[in-house]
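These notes are about the structure you will find just below.
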2 protein chains.
Amino acid sequence: MTIPQTMKAVVQLHDGYSGTATGPTLDDAAPFLELREIPVPQPAEGQVLIKVAMASVNPSDIHFIKGEYGQPRVKGAPAGFEGCGTVVAGKGAYAESLVGQRVAFVATHSGAWAEYALTDASACIPVRPDLRDEDAAAQIVNPLTAMAMFDIVREDGAESFVFTAAGSQLGKLAIGLGRDHGIPAIATVRREAQAEALRALGAAEVLVTTAPDFHERFAAVAAARKPRILLDAVGDQNSADMFFAMRSGARWITYGKLSSEAPRLTQMGQFIFMNKRIEGFWLTRWMQSTPMEQRIKVVQEVQERFATGKWRTDVSARLPLDQVVEGLAEALRRPDGKVMITP
Amino acid sequence: MTIPQTMKAVVQLHDGYSGTATGPTLDDAAPFLELREIPVPQPAEGQVLIKVAMASVNPSDIHFIKGEYGQPRVKGAPAGFEGCGTVVAGKGAYAESLVGQRVAFVATHSGAWAEYALTDASACIPVRPDLRDEDAAAQIVNPLTAMAMFDIVREDGAESFVFTAAGSQLGKLAIGLGRDHGIPAIATVRREAQAEALRALGAAEVLVTTAPDFHERFAAVAAARKPRILLDAVGDQNSADMFFAMRSGARWITYGKLSSEAPRLTQMGQFIFMNKRIEGFWLTRWMQSTPMEQRIKVVQEVQERFATGKWRTDVSARLPLDQVVEGLAEALRRPDGKVMITP
């Protein structure tokens with residue numbers, strides 16, 4: 001296969017961090033991104049070059065391009081953490097062995113919103129032929145996060161768990177895991193219209209955070225279903241209030257920040273007397289701290305769930321590379337699905 | 001020894017919890033406590049009766065009588081968690097073996113602010129004869145808390161730790177431990193007048209929270225000394241701000257709540273990307289979860305420190321039982337020492 005000298009890519013206009021914390025929403029991508037023709041990157045030792053078939057847009061991508069993520073931006077480098085495609089070049093024995101394979105990947109060196117992406121061979125997962133591109137391109141960030149966080153729920157041993165902003169793709173994956181393992185989710189959403197779909201996926205309860213009796217309803221549900229884990233991507237006062245309404249030993253595990261509120265800790269004594277905790281989950285740290293063997297097991301379970309239809313990636317919009325800068329903000333406003341980028 | 005039928009005791013006027021969270025300060029004890037002549041309690045199986053020599057007043061006592069502690073008040077029962085005295089009766093083999101011994105104790109069944117206290121034999125620690133009553137009466141709550149929390153610091157492996165409201169007896173104990181183990185404290189206090197004494201005890205830095213440049217100074221000290229553990233009895237916005245100014249892996253360990261502020265979590269992303277945590281420490285839980293063998297080792301180290309003068313309980317006021325209700329609030333306002341109650 002001939003690899004061209006240059007490629008189309010959606011590149012970042014800024015370096016480093018912005019210092020803001022405005023959440024994973026986007027009014028307009030143009031201040032942050034630009035379509036450019038740039039050189040195709042070359043693999044160094046241990047790296048592979050991937051011809052991108054499809055890339056997904058995760059909330060972490062939006063945090064990142066706005067300079068609000070846990071790693072710094074690089075001006076002029078392509079954006080995009082996740083995608084799938086075919087390995088077309090590699091350097092080093094393992095990297096070369098992947099050439100010709102269809103893989104899901106996290107882009108560690110040159111982003112996925114481009115015709116070609118560059119990443120560590122260890123950041124690629126060979127994909128079963130029976131998986132759609134839509135599922136392969138969104139197979140790592142959300143599914144592994146769902147699996148790893150659900151492991152926390154399983155280890156906790158309680159009979160249910162709380163999941164906020166549960167209408168997200170990640171929420172749907174977690175609800176499905178809860179249903180299949182008999183530890184159903186207590187889901188919260190902002191709009192009543194989202195509730196029915198989540199009940200159909202197996203959520204034990206769906207509470208609407210904007211309802212006037214939300215706090216009373218949550219207190220009743222927490223008393224009846226006894227959750228101790230709060231998996232939270234919102235980080236607003238509702239999240240804090242739920243945490244303080246939960247039983248002894250409750251853990252507020254934050255993995256995202258949709259709200260720009262700075263929630264108040266109104267019941268500090270509960271850390272002391274009720275052994276409660278606030279902590280964070282970051283997939284990058286999980287990847288680094290989890291042994292390869294366990295990660296492979298989790299990946300196999302992920303692919304099995306997609307192949308058998310237990311999980312499915314819903315797509316809300318598809319954007320060719322040359323429409324990303326103009327179209328991304330609008331595409332992200334469509335509910336109930338992922339935005340996919342295709343070269 | 002003849003045990004009388006009745007005794008003087010400072011008893012609680014209320015049951016259960018108040019629902020307030022106003023902190024361990026006291027304007028007036030009269031709404032909460034009353035001096036009464038009540039029957040001397042009788043030991044049940046595994047319990048001992050102690051003739052109280054001296055009882056100490058801890059912040060947890062004040063939280064408790066105000067109905068703001070982790071266990072409910074009992075109307076008509078004597079107040080007071082901690083003291084020392086001589087065991088005069090016991091039921092069961094181990095309890096009987098303690099009769100005649102001088103012990104430090106935590107009162108689990110009938111409080112220490114009385115002529116006699118009733119507690120589990122397992123809540124008593126025989127006291128070396130070379131220890132003063134002042135040190136024996138304050139030997140459990142603060143010293144074991146200091147030792148147990150300092151173990152968290154040691155396990156963390158960082159080169160310093162942060163201790164708020166460090167002018168407290170507990171703060172002084174922790175500073176001494178830090179000095180002796182080469183992990184010096186970064187102490188915070190509210191008044192400059194407290195700083196010199198804490199430097200003399202071995203604090204690496206003493207910062208005054210009311211100073212206009214407190215935040216800048218803390219940031220500089222945190223960058224230079226790299227603490228990851230914040231041991232905090234204040235729970236205000238300063239505590240939160242310090243936590244967010246600390247490095248990756250920082251843990252805010254709350255063990256008290258001197259402030260009535262509800263601090264804001266202004267940097268939720270740090271839980272995710274910097275692996276920070278908020279958790280609580282409660283001596284009661286530590287006692288329940290720590291093997292007897294380890295507790296004995298810690299107690300021996302505590303007595304050794306008092307006996308050799310490495311630690312010393314400073315006394316700010318002494319109150320006979322019949323002056324507690326009128327005198328407690330005023331006595332607690334005296335700085336830099338513990339209030340002791342003597343029958």
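The numbers here are math on the coordinates, done by the rules we state, and not lab data. A quick note: this is a predicted structure, and the numbers were derived from the prediction, not measured. Glycine also receives a Cβ, built like all others from the backbone with ideal geometry; neighbour counts cover every protein chain displayed.
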Quiz item: What is the distance in Å between the Cα centres of the stretch A:265-343 and the stretch A:28-48?
Solution: 23 Å
Self-check item: Ascending list, in nanometres, of distances separating the B:S260 label from those of the other copies (7 Å, Cα toward Cβ)
Solution: 3.2
Quiz item: Does the protein assembly as shown come out rounded, prolate or oblate by the C-alpha gyration tensor, with a ≥ b ≥ c the root eigenvalues, rounded set by a/c under 1.5 and, if not, prolate when a/b is larger than b/c and oblate if not?
Solution: prolate
Exercise. Taking the rotation that carries A onto B, look along its axis and tell me which residue of A has the beta carbon nearest to it, distance in whole angstrom.
Key: A:I278, 2
Practice problem: Evaluate the charge dipole of the stretch A:174-330 about its Cα centre and quote only its size in Debye, nearest 20, assuming +1 on the Cβ of each Lys and Arg and -1 on the Cβ of each Asp and Glu. | Solution: 680 debye
Self-check item: Taking B:I183, B:I140 and counting other C-beta atoms within 10 Å, the order from fewest to most
Solution: B:I183, B:I140
Quiz prompt | Using θ = phi - 60° and Karplus 6.51 cos²θ - 1.76 cosθ + 1.60, couplings along the stretch A:234-241 (whole Hz; Gly, Pro as x) | solution = 9, x, 10, 5, 4, 4, 4, 5
Quiz item: For the residue pair A:K310 and B:I3, what label-to-label distance in nm results when each label sits 7 Å from Cα along the Cα-to-beta-carbon direction?
Solution: 6.2 nm
Practice problem: Could you run the Debye sum over the Cα atoms of the stretch A:141-284, one equal point scatterer each and no solvent, and tell me log10 of I(q)/I(0) at q = 0.13, 0.15 Å⁻¹, two decimals? | Solution: -0.49, -0.67
Self-check item: Cα-based Rg and Dmax for the stretch B:129-201, where Dmax is the largest Cα-Cα distance (Å)
Solution: 12.7, 38
Exercise. Please work out how much length the chain gains when fully extended from A:A211 to A:A30, using 0.36 nm per residue of separation minus the C-alpha to C-alpha distance, in nm with one decimal.
Key: 61.6 nm
Quiz prompt | Rounded, prolate or oblate (a/c below 1.5 giving rounded, otherwise prolate when a/b exceeds b/c) for the stretch A:243-333 by Cα gyration tensor | solution = oblate
Self-check item: Prolate/oblate/rounded label for chain B (Cα gyration tensor, a/c 1.5)
Solution: prolate
Quiz prompt | For A:R36, label point 7 Å along C-beta direction: distances to other copies, nm | solution = 8.0
Practice problem: Determine the dipole magnitude for the protein assembly as shown: charges of +1 sit on the beta-carbon of Lys and Arg, -1 on that of Asp and Glu, nothing else is charged, the reference point is the Cα centre, and the result goes in debye to the nearest 20. | Solution: 580 debye
Self-check item: A:T290, B:T164 arranged by Cβ crowding within 10 Å, fewest neighbours leading
Solution: A:T290, B:T164
Quiz prompt | Nearest-first distances (nm) between copies at A:T2, label 7 Å from Cα via Cβ | solution = 11.5
Self-check item: For chain A, size of Cβ-based charge dipole, Lys and Arg +1, Asp and Glu -1, in debye
Solution: 600 debye
Quiz item: Sorted from fewest to most neighbouring beta carbons within 10 Å, what does the list B:T145, A:T308 look like?
Solution: A:T308, B:T145
Quiz prompt | Cα centroid separation, the stretch A:127-193 to the stretch B:81-113 (Å) | solution = 54 Å
Quiz item: Which of the lysines could a cross-linker span from B:K51 if the Cα-Cα distance has to be under 16 Å and same-chain partners fewer than 8 positions apart are dropped?
Solution: B:K8, B:K91
